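Here's the structure we're looking at; comments come further down.
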Amino acid sequence: MLPEKPTVLIVDDQPINLRLAAEVLKNDYRILIADNGEKAIKATRERKPDLILLDIMMPETSGIQVAKILKEDNETKDIPIIFLTAKSQPEDTVEAFMAGGVDYLTKPFQKLELLQRIKTHIQLSYQKKELFQTGLELKQLNEEKNKLFSMVAHDLRNFVGGSHGLLKITLQKFDQMDRETLREYMEIVMENLEKTTLLMNELLAWSHKQSHALSFSPQHFLLKPEVLKNLDNYKTMAEGKNIRLIGEVPDDMKIFGDRLMISTILRNLIHNAIKYTDSGGTVTVTAYRENDRTYVAVIDTGVGIPEEYLHTIFDEKAESKPGTSGEKGTAVGLKVCKNYVEKHHGSIYVKNNAGGGARFEFYIPEQAD
C-alpha cells in the first residue's frame, strides 16, 4: 500500500532546477533536496525516499556515479531512480539505464509528464515490494503446512497403528480373552479413534484458515483443556520413551488468542520436548499470569540446547537436530511457533534449566472480557 504522501529526493546542482521540481511536486509528495552527489547518497541512506529524481550532469560526483553507488548498497538498491538530463544522445540514455535508472526525462521537462512518470514508478516499486512480501508469506505458509502435515501424520500413525495392533491381538486371541481385557482394548481403540477424529477436524479447520489467508480469530478460552488435550495426543509417543507428561495449569485460567494457533504452538513445543528428552524424563506444561500477560512454559528434563544455538533456534536458517532416539525433524515447527506468537503480539524465548533440559516459554498479552 502506498503511503499517503510518498517521499521524493530531488538531486540537482542548480538551485533554480531544485526549486522548479519542488514546486511541481510539493502538493503530492514529501520533498527532500540535495545539491550534489555526496549529499544525495547521504540523504538516501538516512531517509530512504520512495523515488530519486537525479540530475546526470553534476560536478565532482555525477548522477551516474551516485546511481551506481546506491545500486551496490542492499539498503538502497531497490529505490527507483529517474534521471534528469539536458542531453538527448542515445549513448547517454543507455548509460543512465545501465547505471540502474528506471526512466529518464530531458530538461526542460513537462510538468504533467514528470508527475505521471514519478507516480507510475513509485506504484511499480510498491507493487514489486508487495509481490516479494507475498512470496515470503507463501513460503512461510508452505513450511507451516508441511510441518503440520508431518506432525499430524506422525500422530495418526501412532493412533491408527496402536488400534490396529490391539484389534489384531483381539482377533487372534478372541476365544481366550476375558471380557475385562476385551473391554480395556476396545476402550483404547475408541479413545484412539476419538483422537484421530479430533486431529482430522483440526487439520480441516487449519486448512480452512489457509484458504482464508490465515484468518486470525482470537477469543477467550480455558487454557487447561487445550494443554491436557495436546499432552494426551502425545501420550503414546511419551510412553514409548518412558517419559512422564505433566500439565500444571490452573483450572480457571483463560487465555485470549486464536485457539487453533495456540494449539499448534503447544503441539510443536510438546513434541520437541519429548523428542529431546531421554527415557525416564519428564515434560511439564505450566502457565501463570504476570504484568497483564499470560505466560505458558513447556519444560523438559532433556539434553538442553547448546549455547551457540540458544539465540538462533527460532531463525529461518536454523536446522533441526536428531532427537534422543534418533527422531528426525524439519526445524519448521519453532518458526511456526514464533510466527503464531507474534500474531498475538507476544514473544517466545528459550533457556536451559539449571538442572538440565530446556524451558520454552511464550506470553500472550491479556485482553479485557
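The values are calculated or read from the model by the stated rules, or taken from the named source; none is laboratory data. Computed from a predicted structure; not experimentally measured. So basically every Cβ, Gly included, is an ideal-geometry build from the backbone, and we count neighbours across all protein chains shown. The area values use the complete protein model at the heavy-atom level, side chains included, leaving out ligands, DNA and RNA. Shrake-Rupley method; radii C 1.70, N 1.55, O 1.52, S 1.80 Å.
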Please compute the modelled spin-label separation between Phe174 and Asp78, points set 7 Å along Cα→Cβ, answer in nm with one decimal. 6.5
Give me the 1.4 Å probe accessible area per residue for segment 1-113, excluding ligands and nucleic acids, in Å². 56
Once the Cα atoms of helix 259-275 and of the chain are each reduced to a long axis, what angle between those two axes, in degrees from 0 to 90 to the nearest 10, is obtained? 70
Could you tell me how many degrees, from 0 to 90 and to the nearest 10, lie between the Cα long axis of helix 111-172 and the main elongation axis, the longest principal axis, of the Cα atoms of the chain? 10
With all protein chains in place and a 1.4 Å probe, Leu32 shows an accessible area in Å² (nearest 10) of 20
Hey, which aspartates and glutamates would be in cross-link range of Lys338, C-alpha to C-alpha under 12 Å, not counting anything within fewer than 8 residues on its own chain? Glu144, Asp315, Glu316, Glu361
Considering only DSSP beta bridges with both partners in the chain, what is the antiparallel share in %, to the nearest 5? 55
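When the convex hull of the Cα atoms of segment 1-146 is projected onto a plane and the area is averaged over all directions, what value comes out in nm²?
In nm², the orientation-averaged hull projection of segment 1-146 is 9.6.
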Which residues qualify? For Gly304, with a placed amide H closer than 5 Å and at least 5 residues away or on another chain, they are Gly357, Ala358
For segment 22-60 and segment 96-120, compute the distance between their C-alpha centroids and round to whole Å. 14
Among the aspartates and glutamates, which have Cα under 16 Å from the Cα of Lys129 when same-chain residues fewer than 8 positions away are ignored? Asp50, Glu75, Asp78, Glu137
So what is the relative contact order of segment 1-53, in percent, for Cα pairs below 8 Å that sit 6 or more residues apart? 49
On a 0 to 90° scale, report how tilted helix 333-343 is relative to the longest principal axis of the chain, with both axes built from alpha carbons and the result rounded to the nearest 10. 60
Tyr349 to Gln14: FRET efficiency via 1/(1 + (r/R0)^6), r the Cβ-Cβ distance, R0 56 Å, to the nearest 0.05? 0.50
Restraint check, Lys5/Lys48; Lys229/Lys254; Lys42/Lys139; Lys77/Lys343; Lys77/Lys335; Lys77/Lys128, Cα-Cα greater than 25 Å: Lys42/Lys139; Lys77/Lys343; Lys77/Lys335
Relative to 2.2 N^0.38 Å, what does the C-alpha radius of gyration of segment 1-72 come to as a ratio? Two decimals please. 1.06
Mean separation of Cα contacts under 8 Å, 6 or more apart, over the residue count of the chain: relative contact order %: 10
Overall dimensions of the chain as given by Cα atoms, namely Rg and Dmax in Å: 30.1, 104
Can you pull the percent of segment 1-100's accessible area that's carbon plus sulfur, 1.4 Å probe, other chains left in place? 50
